[in-house]
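Structure record follows, encoded as structure tokens.
The values are calculated or read from the model by the stated rules, or taken from the named source; none is laboratory data. Just so it is clear, the structure is predicted and the values come from calculations on it, not from any experiment. For neighbour counting, all protein chains shown are included, and Cβ atoms are generated from backbone atoms with ideal geometry for every residue, glycine included.
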Amino acid sequence: MKFNHVKITEQMGHLTAKGLNLHFIKTISDTTSFNQDSKMRHKTKTKNGNIQKMDPEDPILLVPDKTKSQMDLETALQDSAKALDLFLNNRFSDALDLLRPWRSQSMYHAVGYSSMLVMQAGMTFEPNDVEKATTALKESLQTCQMFRKKTTMVEAITEMFYKQPADDLTEEEMHAELCYAEALLQKGALTFLDESMISFIKGGIKIRDSFLIYKECDVWSTMAKNQSDQMSTQAHFRSGVNMGIGSFNLYLSLLPSKVLRLLEWMGFSGDREVGLSQLREGAASNSLRSILSTLCLLMYHLYISVILGTGEANLVESDVLLEPYIGKFPNGALILFYQARIAVLKGNFEFAQKKFLECIAAQQEWRQIHHLCYWELMWSYSFQQDWLEAYQYADLLCKESKWSQAVYVFQKASILSMMPEEEVKRTGENVEQLFRQVESLRLRIAGKSIPTEKFAAKKAQRYSAATPVTLLIPAVEMIYVWNGFTIVGKRPELTESILVTIKKAEEQLKSDPNPSEYHVDDQCMVQMLKGLCLRHLGRLDQAQLCFTRVISSENGIKHDRYLVPYSMYELGLLYKQQGDLGKATTTIKNAKLNYKGYSMESRLHFRIHAALNTMGTSVAKLPPHRTSA
């Protein structure tokens, strides 16, 4: 089946366009011609001016510049590779300048150009950048549509019952499908930045349609691979399929089984091993998209598996993946950034800080990359409890980045809360006022709050009361929220230092003459963080005692209800560390089944899913009822 309802919708839109815009299309036909002697097959796509709509909601017609000669597929791929090299060498404007003139005539120039603008928009959240990226994506989809195989209504209906054979498509048409899928995926993702539920649904539909096209491309790639007369651009086409199928499978595999089963029913697939295999194949290929598959794997190993998993990143593979590019792009900002990130996860914070500063100094054009470095530097100094340095970078984020002002301001206030009063005064900051700002800075996507921002706003509510109640060690608590204890735990001396800070807070609570309504919550938070330090230091019996104290205090907790299920999860990991997988599995399952409606519930479900997978079990096997704690 070839895109069933997607193709039919487009064909119907095309027929409508013909009826309503006959004179306009005739004008295009009269003014648009292609070189008949060109070796390219592009001329068959627009020689009659019959340009289809890329999307029923985006009726934009692009007319190639008739003053330019044609761009063949091989040259387009070569230009795209040059642009990618420029991009990785920090020459971002030069990369865009190379692609821009041909974006209405070459699918690869169009998709390369729009992809760079999408990356920029995703890092800035600036409305102007988002608008530019959206416009570029519309143009990319239109350009790709010009080169896709044209079908009649009868053919479209036939394809609902009979799969389109690969030999019915030209080499160019196959690449057009692949590029269309890439642009459609990006457009769907960018749609999520609109806060409306309708936009959220539209984005989901685009992503699903993109995945269906990738699946078709996978079939064609396999068929083409087995043919004796392989197309000359097979390696580039195959690597694009690897990246698409691989990233979909890998990232969807992170979802809890219940959600994944629903998505599989809708046509998606989420197999971790398939995803890793596809991306590794793509990364190993000598093709245009090799680096893109590499970056997908690095993102998974160095961020996703840490924040949403157990924190056990595959640093060996990450080193191997990055090594060839360190020599080729020694001063490339993205390469330097990932070098530094690997160092952070190894616990080598000093080397990481040096590399992040090199990354910042490497280029000034895309300051969004600086913001990524500020975020990492803030955390690396927080792990060392160098709060003044951590504050400097949190302050820069508040001033320059729009990604999540609520989190940035909360983080800055939390770090200031850890500093001596004299140092805070020298900064000129008002900690209470910063905490009170958090609620007003929250973002919403499809009307829903971002979980981390919601958590921060709830914690900051203490300062909005008539008599504010200070947070005890908020910056240490936020280290845990971002799974930072799995990182700092690789440095025993730093873990011991954080444990000292936690014990001081514990003593402060014990000696408090006027306990607030948050007293039990604070005690349990301290016990959980203390247990984490002790577990990473190998003092498992003491750590177990801390976690069980939190769990047994469940009825006394009034606000921070996340503490009990998270402590239960950490206790399960402790049992795993002791080698008791049965007890570990039972405890972690209880954390999922017995608690609902607490802060960052989804994040814990992701971590539980990852932990159970590492122990050879699956949440999918769980009965749909509560179990005893």
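Data table
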item: Of all residues in the range 378-389 being in contact (Cβ under 8 Å) with a residue 60 or more places away in the chain and not in a helix (DSSP H, G or I), the one that is farthest from residue 312 (Cα to Cα); result: 385
item: Subset of the range 379-404 that is modelled with pLDDT of 95 or more and in contact with a Leu (Cβ under 7 Å, 6 or more places away or on another chain) - its residue that is surrounded by the most Cβ atoms within 10 Å (Cβ to Cβ); result: 391
item: Residue satisfying all of: in the range 187-234; assigned to a loop (DSSP other than H, G, I, E, B) and within 23 Å of residue 129 (Cα to Cα); modelled with the highest pLDDT among these; result: 192
item: Cβ pairs under 6 Å, 6+ apart, first in the range 141-159 and closer than 16 Å to residue 212 by Cβ and at pLDDT below 75, second in a helix (DSSP H, G or I) and basic (Lys, Arg); result: 156/7
item: Pairs, first farther than 16 Å from residue 569 by Cβ in the range 536-557, second not in a helix (DSSP H, G or I), C-beta under 9 Å, six or more apart; result: 537/489
item: Test for residue 306: is it surrounded by fewer than 20 Cβ atoms within 10 Å (Cβ to Cβ) and of a type in the set (A, V, I, L, M, F, W, C); result: no
item: Lone qualifier among 301, 371 - being crowded, with 18+ Cβ neighbours inside 10 Å and in contact (Cβ under 8 Å) with a residue 60 or more places away in the chain; result: 371
item: Residue list for the range 538-591, filter: out of contact with any Gly (no Cβ under 8 Å at 6 or more places or on another chain) and either outside any helix (DSSP H, G or I) or not assigned by TED's automatic domain parsing to the domain that holds residue 607 (or both); result: 538, 539, 553, 557, 558, 559, 560, 562, 579, 580
item: Checking residue 444 against (1) surrounded by fewer than 17 Cβ atoms within 10 Å (Cβ to Cβ); (2) more than 29 Å from the chain's Cα centre (by Cα), the condition it does not meet; result: (2)
item: Some residue of the range 527-535 being without any contact (Cβ under 8 Å) to a residue 40 or more places away in the chain and out of contact with any Lys or Arg (no Cβ under 9 Å at 6 or more places or on another chain); result: yes
item: Unmet requirement for residue 399, which otherwise passes all of (1) touching a Lys or Arg at 6+ places or on another chain (Cβ under 9 Å); (2) under 22 Å from residue 380 (Cα atoms); (3) basic (Lys, Arg); result: (1)
item: Residue tally, condition aliphatic (A, V, I, L, M), surrounded by fewer than 15 Cβ atoms within 10 Å (Cβ to Cβ) and either closer than 22 Å to residue 482 by Cα or at pLDDT 95 or above (or both), over the range 582-629; result: 0
item: Matching option when the condition is farther than 27 Å from residue 573 by Cβ, buried (at least 19 other Cβ atoms within 10 Å of the Cβ) and modelled with pLDDT under 90, among 237, 248; result: 248
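Per-residue answers, yes or no, for (1) part of a loop (DSSP other than H, G, I, E, B); (2) closer than 25 Å to residue 349 by Cβ; (3) in contact with a Leu (Cβ under 9 Å, 6 or more places away or on another chain):
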| residue | (1), (2), (3) |
| --- | --- |
| 406 | no, no, yes |
| 425 | no, no, no |
| 439 | no, no, no |
| 454 | no, no, no |
| 459 | no, no, yes |
| 463 | no, no, yes |
| 483 | yes, yes, yes |
| 499 | no, yes, yes |
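Yes or no, residue by residue, for (1) farther than 27 Å from residue 177 by Cβ; (2) assigned by TED's automatic domain parsing to the domain that holds residue 190; (3) modelled with pLDDT under 95; (4) surrounded by 20 or more Cβ atoms within 10 Å (Cβ to Cβ):
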| residue | (1), (2), (3), (4) |
| --- | --- |
| 71 | no, yes, yes, yes |
| 75 | no, yes, yes, no |
| 83 | no, yes, no, yes |
| 117 | no, yes, yes, yes |
| 122 | no, yes, yes, no |
| 125 | yes, yes, yes, no |
| 128 | yes, yes, yes, no |
